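Quick notes on the structure that follows.
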Amino acid sequence: MQSIISQFTSLEAILAGVVIISWVAVSVALLSLMRVKRQEVAVRDAMEELKQTVTIGNNGLIGMGRKLLSIEKNMQRQKRNQLKEPQKPAAAPVPRASIVNMDSHYQQAGEMLAQGLTAGQVANATGMSQAEVQLLAMLRTTATEPVS
C-alpha cells in the first residue's frame, strides 16, 4: 500500500483527495435529501390533518348557522303571530326555550361522546348533523388537552 502511495505524484495525490472529498460530499447530499423527503411527508400529513379539521369545523359552523337561522325564523314568526293576535296572553318567548333545548342537545351529545360513542351514532341519536357532533367532539378534546 505504501509503495502505491509513494509512487503518486503530487498532482495524482491531489486528484485522489478531490475524488475522496467529492464522494463524501455526494454522501452528505444524499443523506440530506433523504431527511428532506421525510420532512416533506410529515408536512404533507400535517396539512391533510389540518384540512380535515378545518372542513369539520366549517361544516359544524354551517350546521350551527342553520340552527340559528331556524331560531331567528321562529322568533320572527312568533312576533308576527303576536302582532296579528294581540288579544291572546303572551306566552313564554320561544327563543329561550329553543336555546335551552339546543343546550340540552349539546349536553346530551357531549355526554354520549364522553361515553365513547362515535360521531355518527351521536348524530343519529340527537338529530344533530354529523359535522356538528364532530365539531363538538373536537372542541371537547381541545378543552381537555393540557395547555403547553
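The values are calculated or read from the model by the stated rules, or taken from the named source; none is laboratory data. In this text, all values refer to a predicted model and were calculated from it rather than measured experimentally. Cβ sites come from the backbone with ideal geometry, for glycine too, and all protein chains shown count toward neighbours.
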**Study point:** Hits in segment 100-148 - residues which are modelled with pLDDT under 85, within 19 Å of the chain's Cα centre (by Cα) and not in a helix (DSSP H, G or I)
**Key:** S129, E145, P146, V147, S148
Revision key, fill the gap. If we ask which residues in segment 46-78 are in contact with a helix residue (DSSP H, G or I) (Cβ under 7 Å, 6 or more places away or on another chain) and free of Cβ contacts under 8 Å to residues at least 24 places away in the same chain, their number turns out to be 2
